[in-house]
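The values are calculated or read from the model by the stated rules, or taken from the named source; none is laboratory data. Computed from a predicted model, the values in this text were never measured in an experiment. Please note: Cβ atoms are built from the backbone with ideal geometry, for glycine as well, and neighbour counts cover all protein chains shown. Only protein heavy atoms, including side chains, enter the accessible area calculation; ligands, DNA and RNA are left aside. Shrake-Rupley method; radii C 1.70, N 1.55, O 1.52, S 1.80 Å.
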Amino acid sequence: KHKSAAFIYNMTMAEGSGKHGELADESVRRELQSILDKSVWVPRKMSKRELIKLRKRILSSKMFLKEKFFSSGEFEKLKARLVAGGHMQDRKLWPDTSSPTASVSSLFIVAALAAMERRHVWTMDIASAFLNASMEGEDVYLRLQPAVAAILKELAPEYEEYMQEDGSVIMKLTK
């Protein structure tokens, strides 16, 4: 007995903490630890002058949580994801803002061919696979909101020296 909306609903960190308590916090910590383990960014302490100068290169970010369910509708786990506001990227600086992922139509074509040829098919998930690709070209910066920065500081206390006055942290993305 489940509603289809339960399979697509994303929650803010506050909503997730309210509903799932420590499970939400642990999910956020796992996501941030994965990012730290893959050396996705380098923290930057920026003056107000630098912030103004680089404002078009600093993307906002958001941490959201998603409930995952088994096919039976039973709760499986809570997943956290940190996403960059790529929609804010200046198209003059970065004409191609796409992610290197397979298109849905390509997946359907492969599935149709496999079915026609009666092939055995299996899927796999590579956790945070996109974090393995190095960034090329112009520098891109990400602003972590204060709530996310506070949890990051718990995991890596050395990040405290990079916190801005508002509690956020600016990162130069490497991946």
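Surface analysis of the chain yields an accessible area of 68 Å² per residue, using protein heavy atoms and a 1.4 Å probe.
I'd like to verify something in the chain: which complete DSSP H helices, judged by Cα projection on the helix axis, reach 15 Å or more and average at least -0.5 on the Kyte-Doolittle scale? Kindly include the intermediate steps, with their values, before the conclusion.
On the way: long enough: 22-37 (22 Å, -0.61); 104-116 (18 Å, 2.37).
Taking the DSSP H segments of the chain (at least 15 Å long, mean hydropathy at least -0.5), we get 104-116.
Mean residue ellipticity, 222 nm, helices only, the chain: the sum of -39500 (n - 2.57) across DSSP H runs of n ≥ 4, divided by residue count and rounded to 500, is -9000 deg cm²/dmol. For the chain, the fraction of 1.4 Å probe accessible surface lying on carbon and sulfur atoms is 56 percent.
Normalised by 2.2 N^0.38 Å, where N is the number of residues, the alpha-carbon radius of gyration of the chain equals 1.21. Multiplying the residue separation of Arg29 and Met116 by 0.36 nm and subtracting their alpha-carbon distance yields 26.9 nm. Between Ser72 and Leu36, the simple label model (points 7 Å from Cα in the Cβ direction) yields a spacing of 3.6 nm. For the set Lys66/Lys172; Lys66/Lys175; Lys19/Lys175, the pairs lying more than 30 angstrom apart at their alpha carbons are Lys19/Lys175.
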